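Report on one structure; see the data block that follows.
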Amino acid sequence: MTEMSLTAFLDNEYEGNREKFAADIQSSTASLSRYERGERIPNRQTMSLIHKVTGGKVSPNSFYDISAA
């Protein structure tokens with residue numbers, strides 16, 4: 001499975017509907033916007049929900065930018 005950024009996932013899979021995605025991960029649209037801009041890293045619970053809701057397409061690595069060696 002190919003990983004993608006949160007923004008790419010929202011644009012491609014959620015048709016840009018950030019309000020729906022924020023509700024699906026039990027977060028506010030303001031927090032979601034901060035996650036997208038890299039101003040904030042989701043907490044463990046939110047990260048788990050993001051991974052689940054995106055079917056694994058957006059993972060913790062999407063936020064931490066850890067490259068495979």
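The values are calculated or read from the model by the stated rules, or taken from the named source; none is laboratory data. What you are looking at is a predicted structure, and each value in this text was computed from that prediction instead of being measured. Cβ: placed from backbone, ideal geometry, glycine included. Neighbour counts: every protein chain shown.
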Has the stretch 42-58 got any residue that is in contact with a helix residue (DSSP H, G or I) (Cβ under 8 Å, 6 or more places away or on another chain), in a loop (DSSP other than H, G, I, E, B) and surrounded by fewer than 17 Cβ atoms within 10 Å (Cβ to Cβ)?
no
Take THR2 and tell me if it is of a type in the set (Val, Ile, Thr), surrounded by fewer than 12 Cβ atoms within 10 Å (Cβ to Cβ) and within 17 Å of LYS52 (Cα to Cα).
yes
Which pairs do you get when a residue that is on the phi > 0 side of the Ramachandran plot, found in the stretch 30-53, comes within reach of a residue that is surrounded by 15 or more Cβ atoms within 10 Å (Cβ to Cβ) and in a helix (DSSP H, G or I), reach meaning Cβ atoms under 9 angstrom, with the pair 6+ apart or on two chains?
GLY38/PHE63
State whether one or more residues within the stretch 19-26 are surrounded by 13 or more Cβ atoms within 10 Å (Cβ to Cβ), part of a helix (DSSP H, G or I) and either of a type in the set (Val, Ile, Thr) or at pLDDT below 95 (or both).
no
Give me a count of the residues in the stretch 30-41 that are within 12 Å of the chain's Cα centre (by Cα) and part of a helix (DSSP H, G or I).
7
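In the set SER62, SER33, which member is small (Gly, Ala, Ser) and out of contact with any Lys or Arg (no Cβ under 9 Å at 6 or more places or on another chain)?
Only one candidate qualifies: SER62.
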